[in-house]
Amino acid sequence: MRGIPERSPWPVREPDREQWVREMQFAVRVQEALVGDTTISVSGALVSGRSVPQFAVGGDCFDLIPLPNGGLRITIADVMGKGFGVAMLMTMFRTAVRMATPETDSPGALLRRLNRQFYGDLQRLGSFLTAACIDYSPSSRQLTMASAGHPYPLLLRTMGDTPEPIKVRGVSVGMMPDSQYMEVSVSPADGDKLVLFTDGVVEARNAEGSEFSAKGLASAIARLRGLPAEVLVPALLDTVAAFATESGVRDDVTLVAADFAGPRQG
Amino acid sequence: MLSLRHTQSGNVFTLAIAGELALETVDGLQRALTARSPDTNRVILDCEKLLFADSTGVNALLQAALALKRFTIRVDVVHLSDDLKEMLDILGFFEVLDSL
């Protein structure tokens, strides 16, 4: 298979191996810059995230966008498939989130707008993506969230033994032309932790073929609950890596964790 | 590994999907569905032995089901494990299928 456009009106030189390597290296740098380690602190919340592609680049992303009210918009997304093509879609989606954020006052409105924007392209490509968006408001101490087919966020209460899923649902982006996205609000208390993830985390497999699973992730979060968000994220990634064999991580993996600790932070 | 076995009983075509429906295996699904007879008016996708589906696999299942529904063929996805059913439910699979 040739790695150049088939419908170019003029002869296109097929890149040699060195050219491919250079392009790949730059693509990796771009992705590292977009979805590498990121930690943001706002009043009452500390949020940290990291995305690790299965191959050189991938289709997962997350973003932490400060809001004018002093709060934070947290997004996480997972484009169907793997590799360079989905990485291009991921970059488009992340940019669209940033562009739309100043003009959308709620997570549901953001997802509705992005779905309308991406529906045509994703339909043509026979693809879809999942995404979740959470707005944190420091004044009301409230998290408002909406989901487009994304795995449920997990909330570990200070008094709870294990994290509980926040069951917020909506149709994946690109599946229906005019989806509506319901919103769910929760009020985190001091010491609570929120974790968002992509399915690559729970689908990682060990040598026996067992999945890490949502239950395994919940157990790991409970066990590591004493760690601050920016330490919890790499610790959870290490836990997944220790569970999975070398070939057991079969998808891009993204984790975002948030600590809520009263208005002292930030 | 993905294993696909089909049976035709009158107007009903049943496709038993076993193993893993993922990026590496999805191509066989569409091909298997072309084995139905032209007068098929109902397709049963039997997922009793479907162990795993990644997002590409779910999409293949959805696109296949939607294509059949556009031919006014009734599609039933049956015997899903609880985990897969929840996954499809979260993704919006059933909502999209019911919208046609």
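Give me the residue from segment B:1-34 that is at pLDDT 95 or above and touching a His at 6+ places or on another chain (Cβ under 9 Å) and, out of that set, nearest to the other protein chains (Cβ to nearest Cβ).
This residue is B:15.
Go through the residues of segment A:153-169 one by one and say whether even a single one is in a helix (DSSP H, G or I) and without any contact (Cβ under 8 Å) to a residue 40 or more places away in the chain.
No, segment A:153-169 contains no residue that is in a helix (DSSP H, G or I) and without any contact (Cβ under 8 Å) to a residue 40 or more places away in the chain.
Those residues that are surrounded by fewer than 20 Cβ atoms within 10 Å (Cβ to Cβ), out of contact with any strand residue (DSSP E or B) (no Cβ under 6 Å at 6 or more places or on another chain) and either within 22 Å of residue A:204 (Cα to Cα) or of a type in the set (Val, Ile, Thr) (or both), I need them from segment B:23-47; list them, please.
Within segment B:23-47, B:23, B:24, B:34 qualify.
Among the residues of segment A:62-79, write down those that are touching a Leu at 6+ places or on another chain (Cβ under 7 Å) and surrounded by 24 or more Cβ atoms within 10 Å (Cβ to Cβ).
Of everything in segment A:62-79, those that are touching a Leu at 6+ places or on another chain (Cβ under 7 Å) and surrounded by 24 or more Cβ atoms within 10 Å (Cβ to Cβ) turn out to be A:72, A:74, A:76, A:77, A:78, A:79.
Let me confirm something: among A:186, A:202, which residue is under 17 Å from residue A:252 (Cα atoms) and more than 9 Å from chain B (Cβ to nearest Cβ)?
On the way: A:186 fails: under 17 Å from residue A:252 (Cα atoms).
Answer to the selection: A:202.
Please work out if residue A:77 is under 26 Å from residue A:248 (Cα atoms) and touching a strand residue (DSSP E or B) at 6+ places or on another chain (Cβ under 7 Å). Let's see the steps before the verdict.
On the way: under 26 Å from residue A:248 (Cα atoms): yes; touching a strand residue (DSSP E or B) at 6+ places or on another chain (Cβ under 7 Å): yes.
Criteria met by residue A:77.
If you check B:41, B:59, which single one turns out to be in contact with a Phe, Trp or Tyr (Cβ under 7 Å, 6 or more places away or on another chain) and of a type outside the set (A, V, I, L, M)?
Working: B:41 fails: in contact with a Phe, Trp or Tyr (Cβ under 7 Å, 6 or more places away or on another chain).
Within the list B:41, B:59, the selection yields B:59.
Restricting to segment A:178-224, give me the number of residues that are touching a residue at least 40 places away in the same chain (Cβ under 8 Å), under 18 Å from residue A:46 (Cβ atoms) and out of contact with any Pro (no Cβ under 9 Å at 6 or more places or on another chain).
Applying the first criterion (touching a residue at least 40 places away in the same chain (Cβ under 8 Å)) to segment A:178-224 yields A:178-207, A:214, A:217-219, A:221-222.
Now narrow it down to the ones that are under 18 Å from residue A:46 (Cβ atoms): A:186-197, A:221.
With the extra rule that they be out of contact with any Pro (no Cβ under 9 Å at 6 or more places or on another chain), the set shrinks to A:186-192.
Final tally of qualifying residues: 7.
Output the residues belonging to segment A:99-145 that are among the aromatic types (Phe, Trp, Tyr), outside any helix (DSSP H, G or I) and away from chain B (no Cβ under 12 Å). Quick ask: steps written out before the conclusion?
Step one: list which residues in segment A:99-145 are among the aromatic types (Phe, Trp, Tyr), which gives A:118-119, A:128, A:136.
Narrowing the set further to residues that are outside any helix (DSSP H, G or I) leaves A:128, A:136.
If the condition is that a residue be among the aromatic types (Phe, Trp, Tyr), outside any helix (DSSP H, G or I) and away from chain B (no Cβ under 12 Å), then A:136 is the only one that fits.
Does segment A:15-24 include one or more residues that are closer than 25 Å to residue B:55 by Cα and surrounded by 19 or more Cβ atoms within 10 Å (Cβ to Cβ)?
Going residue by residue through segment A:15-24, those that are closer than 25 Å to residue B:55 by Cα are A:24.
Imposing the further condition that a residue be surrounded by 19 or more Cβ atoms within 10 Å (Cβ to Cβ) reduces the set to none.
Checked against the condition, which is being closer than 25 Å to residue B:55 by Cα and surrounded by 19 or more Cβ atoms within 10 Å (Cβ to Cβ), segment A:15-24 yields no hits at all.
Taking strands (runs of 3 or more DSSP E) that fall entirely within segment A:31-82, which contain at least 2 residues that are over 12 Å from the mean Cα position of the chain (by Cα) and in contact (Cβ under 8 Å) with a residue 40 or more places away in the chain? Lay out the reasoning, then the answer.
Working: elements: A:38-42, A:45-52, A:60-66, A:72-79.
The strands (runs of 3 or more DSSP E) meeting that bar are A:38-42, A:45-52, A:72-79.
Filter segment B:70-96 down to the residues that are within 19 Å of residue A:129 (Cα to Cα) and surrounded by fewer than 17 Cβ atoms within 10 Å (Cβ to Cβ) and list them by number. Outline the logic, then answer.
Filtering segment B:70-96 for residues within 19 Å of residue A:129 (Cα to Cα) gives B:84-96.
Selection gives B:85, B:86, B:89, B:94.
If I filter segment A:205-229 down to residues being surrounded by fewer than 17 Cβ atoms within 10 Å (Cβ to Cβ), of a type in the set (Gly, Ala, Ser) and more than 19 Å from residue A:158 (Cβ to Cβ), which single residue comes out as nearest to the chain's Cα centre (by Cα)?
A:213
Name the single residue that is nearest to residue A:165 (Cα to Cα) among those in segment A:126-141 being surrounded by fewer than 24 Cβ atoms within 10 Å (Cβ to Cβ) and not polar (S, T, N, Q).
Applying the filter and picking the extreme gives A:141.
Taking segment A:222-251 on its own, how many of its residues are within 20 Å of residue A:192 (Cα to Cα), aliphatic (A, V, I, L, M) and out of contact with any Lys or Arg (no Cβ under 7 Å at 6 or more places or on another chain)?
Final tally of qualifying residues: 8.
The values are calculated or read from the model by the stated rules, or taken from the named source; none is laboratory data. Quick caveat: nothing in here was measured; it's all calculated off a predicted structure. Positions of Cβ are generated from backbone atoms using ideal geometry, with glycine treated the same way; all protein chains shown enter the neighbour counts.
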